[in-house]
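Worksheet: the structure to be examined is printed underneath.
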Amino acid sequence: MTDDRCGQIGTLGELRCREVINLCDGARMGFVNDIQFDFVTGQVTALIVPETGGVLGLLGRSEDAVIPWDAVEKIGEDIIFVRYAASCPSPRPKKRFSS
């Protein structure tokens, strides 16, 4: 698949090697476990990251985080940055300082 955010990604295995970081709160969400895609168009629609519950994930698992593809901000060599939350604010415009 090809996208402006990531260049070219060949396999799910390559995505699984990348940790997902939420830009809304800086939290480490974990690693991509699976993807959702549209059977008709063949396009990726979401990344699926397993969420753990409790202290250090020892008290069980909660639901998987289904992160819409539109929430993916940047895919790097080993990290994927996302904005995943209904209350996540939009990034502020950069202030320009005149000299």
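All of the numbers you see were taken from the coordinates with simple rules; none came from a lab. This one's a predicted model, so the numbers in the text were calculated from it and none came from an experiment. For neighbour counting, all protein chains shown are included, and Cβ atoms are generated from backbone atoms with ideal geometry for every residue, glycine included.
Data table
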quantity: Amide proton proximity set for Ala65, modelled H, under 5 Å, gap of 5+; calculated: Val49, Glu51
quantity: Other-chain or far-sequence residues with amide H under 5 Å of Asp34's (modelled H); calculated: Ile48
quantity: Other-chain or far-sequence residues with amide H under 5 Å of Ile80's (modelled H); calculated: Glu19, Val20, Ile21
quantity: Rounded to whole Hz, the Karplus (6.51, -1.76, 1.60) HN-Hα couplings of region 18-24, x for glycine and proline; calculated: 10, 7, 9, 10, 8, 6, 5
quantity: Most to least packed among 35-41, 45-51 [average Cβ atoms within 10 Å]; calculated: 45-51, 35-41
